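Enquirer: Following this message is one structure expressed as structure tokens.
The values are calculated or read from the model by the stated rules, or taken from the named source; none is laboratory data. Treat the numbers as computed from the prediction; the structure is a model and nothing was measured. FYI the Cβ positions are ideal-geometry reconstructions off the backbone, even for glycines, and counts take in every protein chain you see. What goes into the accessible areas is simple: the full protein's heavy atoms, side chains included, and nothing from ligands, DNA or RNA. Shrake-Rupley method; radii C 1.70, N 1.55, O 1.52, S 1.80 Å.
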Amino acid sequence: MSRHRLLLCINPASGAGRGADAGAEAAARLRSGGADVEILAVPGDDGTPPVRRYSEALAARLTRTEQPAPAAVVVVGGVGMLHATANVVAGTGMPVGVVPAGTGNDLARALGLADCGVAGAVDRILSGLDLPPRCIDLVRVDLAPLPAVVPAGPDFAGTVDDRAESGAPPERVRRYVVSGVNVAFDAAVNATANRMRWPRGSLRYVVAVLLELLRYRPVDLRIRLDGPDEGDRWDGRCGQDGPVLNGSTFLLAVMNGRFIGGGMEVTPGARIDDGVLEVFRVTPLSPVRFLRVFPRVFAGRHTDLPEVEIREASSVRIEKMTAVEEPVPRGQPSRSAAPVLHGDGEPLGMLPATVTVERGELALLDDGRRP
């Protein structure tokens, strides 16, 4: 193996604090394997979100000409860390290596890395350095920005209108997602789990599911598959050939990978490199019914349930059909006019949204093994 320069990006907070130890081990193993390792120094807390500081530091390092360019970026963390990295390197051809150290490690499961540990992940990275990268799909999301927040900086792929250049808030933004996007119940669970400090690990997601189940109300969504066509713009016009799913929706996920929520195999047929999105929709069901079928999702044995619908698409348009105020408990954010769309566990923006697969947009270091 020839000597390669690697930019090692570590999230020390990932995996309930396990990221720091995993990063130190990864650095030592990469160096002992013959690689030159440069550790990315993320600026200290300046009041901005950590993901934005990391993204800005990564973007600045990759454009710096006074230092040798890295052969690849190696990420130690969870899907959120890879999400931020993908939004910087998408479409550039810069290969990315993954050392899973997150809480749920859903993308690591799709890549066959969840059980290999730091040593196994580093071995695959080192072997992949002298092989062509594996190109996987990304999910491109165009949507309205979050209320009272102007998404800006390299943690977003950028705005898709000219308003930000003039100093005005953008009307819509674009972001890339690795694993998948979700809205309705699962997005509410994500938001609750992100606010929780206990329990740790994937059990936190299960607790968040139980909490949300007591107060969640389905939303009326219009979901158009396979559009937009050649003439589509942000006015919502899509191709007329794809099906339209209208009605009350308990959960909607548009998946590139197979797993969400720390191991729930919601779309067993999804592949991250096939150029296809899997649309997973659940119609309303009672809390008792949900608790009876919920365990089946972890094993991917839910696809024949009458409340479950899975479709394939290359593009999906998601809109809320009504703007009726939905009562929520005191102290909780309103879930009225436009639900928040989450991607890779992070809030991205508001509906309406267009979700499109971008085939082969992210290059991964890989030794050819498949899950």
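Enquirer: Of everything in segment 268-287 that's under 17 Å from residue 186 (Cα atoms) and outside any loop (DSSP other than H, G, I, E, B), which residue is most open to solvent (accessible area, probe 1.4 Å)?
Expert: 287
Enquirer: Going through 91, 23 one at a time, which residue ends up being under 18 Å from the mean Cα position of the chain (by Cα) and touching a residue at least 60 places away in the same chain (Cβ under 8 Å)?
Expert: Sole residue among the options that is under 18 Å from the mean Cα position of the chain (by Cα) and touching a residue at least 60 places away in the same chain (Cβ under 8 Å): 91.
Enquirer: Select from segment 340-355 the residues that are touching a strand residue (DSSP E or B) at 6+ places or on another chain (Cβ under 7 Å) and open to solvent by 20 Å² or more (accessible area, probe 1.4 Å) and write down the one among them that is modelled with the highest pLDDT.
Expert: Top of the filtered list is 352.
Enquirer: Further, regarding this structure: Filter segment 259-301 for residues that are among the aliphatic types (A, V, I, L, M) and within 17 Å of the chain's Cα centre (by Cα); which is farthest from residue 316 (Cα to Cα)?
Expert: 264
Enquirer: Please tell me if residue 187 is out of contact with any Cys (no Cβ under 9 Å at 6 or more places or on another chain), at pLDDT below 80, open to solvent by less than 10 Å² (accessible area, probe 1.4 Å) and not aromatic (Phe, Trp, Tyr).
Expert: yes
Enquirer: Kindly indicate whether residue 123 is under 30 Å from residue 299 (Cβ atoms), open to solvent by 50 Å² or more (accessible area, probe 1.4 Å) and in a helix (DSSP H, G or I).
Expert: yes
Enquirer: If residue 108 passes every condition in (1) surrounded by 15 or more Cβ atoms within 10 Å (Cβ to Cβ); (2) touching a residue at least 40 places away in the same chain (Cβ under 8 Å); (3) within 20 Å of the chain's Cα centre (by Cα) but one, which one does it miss?
Expert: Every condition holds for residue 108 apart from (2).
Enquirer: Here's something else I'd like to know. Criterion first (assigned to a loop (DSSP other than H, G, I, E, B), open to solvent by 20 Å² or more (accessible area, probe 1.4 Å) and modelled with pLDDT under 75) does residue 237 satisfy it?
Expert: Answer is yes for this residue.
Enquirer: Report, by residue number, each residue of segment 240-267 that is among the aromatic types (Phe, Trp, Tyr) and buried (at least 24 other Cβ atoms within 10 Å of the Cβ).
Expert: 259, the sole residue that qualifies.
Enquirer: Using the structure shown, decide if residue 75 is of a type outside the set (D, E, K, R) and either within 24 Å of residue 117 (Cβ to Cβ) or at pLDDT 90 or above (or both).
Expert: Considered against the rule, which asks whether it is of a type outside the set (D, E, K, R) and either within 24 Å of residue 117 (Cβ to Cβ) or at pLDDT 90 or above (or both), residue 75 comes out as yes.
One line per residue, one yes/no per condition, for (1) open to solvent by 50 Å² or more (accessible area, probe 1.4 Å); (2) more than 20 Å from residue 358 (Cβ to Cβ); (3) modelled with pLDDT of 70 or more; (4) not in a loop (DSSP other than H, G, I, E, B):
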| site | (1), (2), (3), (4) |
| --- | --- |
| 136 | no, no, yes, yes |
| 139 | no, no, yes, yes |
| 155 | no, no, no, no |
| 207 | no, yes, yes, yes |
| 217 | yes, yes, yes, no |
| 224 | yes, no, yes, yes |
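Enquirer: Taking residue 305, is it closer than 19 Å to residue 188 by Cα, assigned to a loop (DSSP other than H, G, I, E, B) and free of Cβ contacts under 8 Å to residues at least 40 places away in the same chain?
Expert: So residue 305 fails the test.
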